[in-house]
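Working notes, structure below.
The values are calculated or read from the model by the stated rules, or taken from the named source; none is laboratory data. These numbers were taken from a predicted model, which means no experiment stands behind them. Note: ideal-geometry Cβ built from the backbone for every residue, glycine included; neighbour counts use all protein chains shown. Heavy atoms of the whole protein, side chains included, go into the accessibility calculation; ligands, DNA and RNA do not. Shrake-Rupley method; radii C 1.70, N 1.55, O 1.52, S 1.80 Å.
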Amino acid sequence: MGERVTVTEVGPRDGLQMAKSIMPTDAKVAWIKALVAAGIHEIEVGSFVPPKLIPQMADTGDVVRAGLEIPGLRIVALVPNLKGAQRAYEAGAHVVTVPVSVSEGHSRANTNKGSLDQVAEVRAIREWLDAQERKVKLDAGCVTAFGCSIEGNVPESRVVMIAAALADAGVDGILLADTVGYGNPAQIRSVVRAVQREVGEKLERLHLHDTMGLGIANALAGLDEGIRCFDSALAGLGGCPFAPGASGNIVTEDLVFMLESMGFDTGIDLDRLIAAREALHRGLPDAELLGNVVKAGIPRTYRRAA
Ligand code: ZN
C-alpha cells in the first residue's frame, strides 16, 4: 500500500459560495453522498456565515445534519467566528476551520477585523470548544498566505508570525491557503518549510487555487515538503467573494489522478469520482465543470496505488 494522502473535498463550501444560483439542500446532500461513494471521507460541507453575506450557505446546518447520516463521513465546516463555531458544534460538525487572513487588507474585507484580532477569535473558539462535552477538531487556515489581490505580496515572515500565533492559541491543525492562486512552486516550498520550522507537524494541509494554472504544480511542491492533506474541489469549482480575481480550487479528479499515479493512496476511486460530477451538475446546471482528466479520459495506463 502506498503512503496515505487525505483529500478534503471543499466544493460544497468553497465551490458554491461564488455560484450564481443557489444549490438546493437535497441536491447538496446527493452530491456529498456521491463523493463519499467515490471514497472521499472528509468534506467541507459549508460555512456558518451570516446568510445575508453568502446566501448559498444559509442551509449549512441542515447539510451538516444530513451528513451525519452518511456512514464514514468526517464533516468539516468553515466558521468565521465564535458564533459560527457554536452553530457548527450544535449542528454536529466534526472539524471546524477558522480562516485567518495573513493579509491585513483581506482580513478586514473578509471578517471586518485585523489578522491578530482574528487570532484572538480563534483563541475564544478554542476555549469555548474545550468547555463542551463533544470533542471537535479545531483547524485554522492562514489564508492569502501566498499573495493577496488586495495587498499584493504577502511577506513570508508574516505567514510564520500568524502560524506561530495560531499554534500558541491552541489549534489542532494549521492549513496554508493560496486563496487567490498567486503562489508558485518555489514559494510554496519556501513558505511550507518556514512554517514547518516554526510549528512542526501542526502544519497539516494546503488549500490551493488554480488561478494561474499552477495549482497542481503547487500541490506537488507541498507534497515534496511532506504535506499529506490537500483541499480540492470537484470540477474545480470555487472562488472567494472577498478576493477579487480568485478562480476555482484545484480539481479533485486531477489531484487524485496525480497522487494515485505517483503511488500515494487516497482511498478514492477515480471512475466513481468522475461520476459524482453528474450529481453536481444536477444541483447546479449553470456551473462550468473543469478538469483535465475528464477532458482526456482516464488513460489505460492508470493504476491505483492501493
Ligand atoms: Zn479557497
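Please work out the C-alpha center-to-center distance from region 172-210 to region 119-171 and express it in whole Å.
Region 172-210 and region 119-171 have Cα centres separated by 13 Å.
Set the bar at 32 Å for Cα to Cα. Now go through K137/K295; K113/K137; K33/K83; K202/K295; K20/K83 and name every pair that lies beyond it.
Details: K137/K295 37 Å; K113/K137 24 Å; K33/K83 28 Å; K202/K295 37 Å; K20/K83 26 Å.
Table pairs above 32 Å Cα-Cα are K137/K295; K202/K295.
Subtracting the Cα-Cα distance from 0.36 nm times the residue separation, let me have the gained length for K137 to E198 in nm, one decimal. If you can, show how the numbers build up before the last one.
Numbers: separation 61, 0.36 × 61 = 21.96 nm, distance 2.09 nm.
Extending this stretch completely gives an extra 19.9 nm.
Can you give me the relative contact order of region 6-296 as a percent, contacts being Cα pairs under 8 Å and 6 or more apart?
21 percent
From the backbone phi of region 269-285, what are the Karplus-calculated ³J(HN,Hα) couplings (6.51 cos²θ - 1.76 cosθ + 1.60, θ = phi - 60°) in whole Hz, Gly and Pro given as x?
8, 5, 4, 6, 5, 5, 5, 5, 4, 4, 5, 5, 4, 4, x, 9, x
Region 1-77 to region 264-306: how many Å between their Cα centroids?
17 Å
Under 10 Å, Cα contacts only: if you run a Gaussian network model on the chain, which one of E69, E127, E156 comes out with the highest mean-square fluctuation?
Checking each option, the largest mean-square fluctuation is seen for E69.
Do me a favour and compute the ellipsoid semi-axes for region 6-296 from its Cα gyration tensor, root of five times each eigenvalue, largest one first, whole Å.
For region 6-296, the semi-axes come out at 25, 23, 18 Å.
Could you please tell me the mean projected area of the C-alpha convex hull for region 162-259, averaged over all directions and given in square nanometres to one decimal? Provide the component values of the computation, followed by the final result.
Values: hull surface 24.4 nm².
Mean orientational projected area (region 162-259, Cα hull): 6.1 nm².
With a probe of 1.4 Å, find how much accessible area the chain has per residue, and write the answer as a whole number in Å². Don't skip to the end; give the middle numbers.
Details: 12240 Å² over 306 residues.
Result: 40 Å² of accessible area for each residue.
Helix-only estimate, please: 222 nm mean residue ellipticity of the chain, summing -39500 (n - 2.57) across DSSP H runs of length 4 or more and dividing by its residues, to the nearest 500.
Numbers: 11 runs with 122 residues, N = 306.
Taken over the chain, the calculation gives -12000 deg cm²/dmol.
When the accessible area of the chain is computed with all protein chains present and a 1.4 Å probe, what percentage of it is carbon and sulfur? Show your work: numbers first, answer last.
Details: 6290 of 12240 Å².
Heavy-atom surface of the chain belonging to carbon and sulfur, 1.4 Å probe: 51 percent.
Using θ = phi - 60° and the Karplus form 6.51 cos²θ - 1.76 cosθ + 1.60, what ³J(HN,Hα) does each residue of region 66-79 get, whole Hz, x for Gly and Pro?
My calculation for region 66-79 gives 5, x, 5, 7, 8, x, x, 9, 9, 9, 9, 10, 7, 9 Hz in order.
With a cap of 13 neighbouring Cβ atoms within 10 Å, and only residues DSSP puts in a loop, list the GluC sites (Glu not before Pro) found in region 251-306.
Numbers: sites: E253, E260, E278, E288; in loops: E288.
For GluC sites (Glu not before Pro) across region 251-306 that sit outside H, G, I, E and B with at most 13 neighbouring Cβ atoms in 10 Å, the list reads E288.
Residue by residue through region 131-146, which ³J(HN,Hα) values in whole Hz follow from phi under the Karplus form 6.51 cos²θ - 1.76 cosθ + 1.60 (θ = phi - 60°), with glycine and proline marked x?
Per-residue couplings from phi come out as 8, 8, 6, 8, 8, 10, 6, 10, 10, 10, x, 7, 8, 6, 6, 10 Hz.
What's the long-distance tail for region 113-189, i.e. % of Cα pairs beyond 20 Å? Walk me through the intermediate numbers first.
Numbers: 1032 of 2926 pairs.
That fraction is 35 percent.
Given R₀ = 30 Å, what would the calculated FRET efficiency be for R74 paired with D117, taking r from the Cβ atoms and rounding to 0.05?
Working: r = 30 Å, r/R0 = 0.98.
Approximately 0.50, to the nearest 0.05.
Put D271, D254 in order of accessible area, largest first, 1.4 Å probe: what do you get? Before the final figure, lay out each step's value.
Details: D271 105, D254 20 Å².
So the residues, ranked largest to smallest area, are D271, D254.
In debye, nearest 20: dipole of the chain around its Cα centre with unit charges on the Cβ of K, R (+) and D, E (-)? If you can, show how the numbers build up before the last one.
On the way: 31 positive and 38 negative charges, 37 e Å.
The dipole of the chain has a size of about 180 debye.
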